[in-house]
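S.K.: What follows is a structure written as structure tokens; I'll ask about it next.
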Amino acid sequence: MQEAGYFYVSKFWIAPAGKAALMAWLDTGHVAEVVSQPGFLWCRQVDLREKDADGCEAYLMIYALESEAHFRRYRADEQLAAKFAEQRKSFAHHLRMDRWDGPVVGVFDRAN
């Protein structure tokens with residue numbers, strides 16, 4: 001597997017009323033479409049097993065990319081961003097997101 005040089009992480013909180021729609025969107029196309037963009041290597045979804053005071057559940061989406069340049073091209077694609085915003089409309093009011101991105105600055109593998 002190719003080493004990632006850059007990561008894009010999205011943490012989201014989803015209310016119970018929007019969970020089914022969000023998960024269906026992620027599972028039936030959104031993640032595959034993002035990972036098919038140039039430079040994306042893979043994505044991992046993590047259930048953080050946290051709930052906030054309103055019962056919203058927390059998840060992470062961790063995307064590995066070849067480089068920051070690939071990430072910048074992805075983020076500059078206004079047409080794709082608009083498409084994803086339109087697709088999120090039915091559950092957006094149940095969703096909070098925080099996003100981070102950055103380069104790999106260290107690799108700490110398990111010793112053999």
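The values are calculated or read from the model by the stated rules, or taken from the named source; none is laboratory data. Small disclaimer: the values here were computed from a predicted structure and weren't measured. So basically every Cβ, Gly included, is an ideal-geometry build from the backbone, and we count neighbours across all protein chains shown.
S.K.: Being surrounded by fewer than 15 Cβ atoms within 10 Å (Cβ to Cβ), at pLDDT below 95 and assigned to a loop (DSSP other than H, G, I, E, B) is the requirement here; does residue 27 meet it?
M.R.: No: the conditions fail for residue 27.
S.K.: Also, quick follow-up: Restrict the check to the range 28-39 and report whether at least one residue is closer than 16 Å to residue 94 by Cα and in contact with a Leu (Cβ under 8 Å, 6 or more places away or on another chain).
M.R.: First, pick out the residues of the range 28-39 that are closer than 16 Å to residue 94 by Cα: none.
No, that holds for no residue.
Table: residues versus (1) touching a helix residue (DSSP H, G or I) at 6+ places or on another chain (Cβ under 7 Å); (2) over 14 Å from residue 96 (Cβ atoms); (3) not in a strand (DSSP E or B).
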{"position": "43", "(1), (2), (3)": "yes, yes, no"}
{"position": "46", "(1), (2), (3)": "no, yes, no"}
{"position": "54", "(1), (2), (3)": "no, no, yes"}
{"position": "59", "(1), (2), (3)": "no, no, no"}
{"position": "70", "(1), (2), (3)": "no, yes, yes"}
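Yes or no, residue by residue, for (1) in contact with a Phe, Trp or Tyr (Cβ under 8 Å, 6 or more places away or on another chain); (2) more than 28 Å from residue 20 (Cβ to Cβ); (3) modelled with pLDDT under 95:
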| site | (1), (2), (3) |
| --- | --- |
| 69 | no, yes, no |
| 73 | no, yes, no |
| 80 | yes, no, no |
| 92 | no, no, yes |
| 100 | yes, no, no |
| 106 | no, yes, yes |
